[in-house]
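All of the numbers you see were taken from the coordinates with simple rules; none came from a lab. Computed from a predicted model, the values in this text were never measured in an experiment. We place every Cβ from the backbone using ideal geometry, glycine too, and count neighbours over all the protein chains shown.
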Amino acid sequence: MRIDLNADAGESFGVWSMGDDHVLFEQITSVNIACGLHAGDPSVMRETVRRAADAGLRVGAHPGYPDLQGFGRRSMGLTPREVEDLVLFQVAALAGVARAEGVRVAHVKAHGALYNQAARDPVVASAIARAVGRLDADLVFVGLAGSAMLDAAREVGLRVEAEAFADRAYLPDGSLAPRSQAGSVIHDPSIVAARAVRIVRDRRVTCLDGRSDITVHADTLCIHGDTPGASALAARIREALEAAGVRVAAPGK
């Protein structure tokens, strides 16, 4: 068994600091770097790419809605063309910064409200997939396991990786419970670690209602870099996975 551990990072902005990236990077295998619209700025992007390269991480772009105040977690009524353009803009920006540092961007994972909309709306999912495919058909599309995102990416010929969340509650239809709903984010490290092992080993997860069990096929597990104590949580998850005989590594490594 093998699983990738990814985290969203590079989400600081100017003098405002978010997360503890340099410590978190010791535990994960892939990183999704904010591209300046929901979080991050040019200097943060470049420094995060450098740190990720030094840590030997697989680097990906993390585009979101242009919403710094809402951290990209508020939906926006953009047209499919606008979604395609803003994703293209952000991924191209990070790819350029990475290239200047001798690093290749390997994957793309949408952020926040954009991710959640794409998971349930094939039109939004297709707009993101078109942007990624037109920029670089070798980029890997990371999306919610079992969702419209992966279908849209496959339709344009992109390779996909299915993502699961050990610290987020699921609904019986396989979607993530909205953050506004009580219990949608799981904070107990021991519970999160146990869920991570079960997702990888058994391909099962218990839903928010505590009764329903659903199947989840995951290539990568997400750790939210903005969660307080994210680095300690990542270490706990990795320790539990390795103790269960799971090899933690990025795809191809």
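What number, in percent, do you get for the relative contact order of the chain if the mean sequence gap of Cα pairs under 8 Å and at least 6 apart is divided by its residue count? This gives 22 percent for the chain. Loop-located trypsin sites (Lys or Arg not before Pro) in segment 87-132 (DSSP state not H, G, I, E or B) with no more than 15 neighbouring Cβ atoms inside 10 Å: ARG104. Out of THR206, SER175, ALA129, whose Cα points farthest toward the positive end of the dipole of segment 112-218 (charges: +1 Lys, Arg; -1 Asp, Glu; placed on Cβ)? Working it through, the farthest residue towards the positive pole turns out to be THR206.
Hey, got a sec? Which GluC sites (Glu not before Pro) in segment 2-53 land in a DSSP loop and have at most 13 other Cβ atoms within 10 Å? Walk me through the numbers on the way to the answer.
Working: sites: GLU11, GLU26, GLU47; in loops: GLU11, GLU26.
Of the GluC sites (Glu not before Pro), the ones in loops of segment 2-53 whose Cβ has at most 13 other Cβ atoms within 10 Å are GLU26.
How large is the direction-averaged shadow of the alpha-carbon convex hull of segment 104-244, in nm²? Numbers along the way, then the final one.
On the way: hull surface 34.7 nm².
Taking the Cα atoms of segment 104-244, their convex hull projects to 8.7 nm² on average.
Of interest is the spacing of the C-alpha centroids, which for segment 81-122 and segment 178-204 amounts to 26 Å. For segment 196-225, the list of trypsin sites (Lys or Arg not before Pro) that fall in a loop by DSSP and count at most 14 other C-beta atoms within 10 angstrom reads ARG203, ARG211. Beta bridges assigned by DSSP with both partners in segment 2-248 are antiparallel in approximately 20 percent of cases.
Would you calculate, for the chain, the mean residue ellipticity at 222 nm contributed by helices, counting each DSSP H stretch of 4 or more residues as -39,500 (n - 2.57) and dividing by all residues, to the nearest 500? Don't skip to the answer; put the middle values down first.
Values: 8 runs with 97 residues, N = 253.
Helices in the chain give a 222 nm mean residue ellipticity of -12000 deg cm²/dmol.
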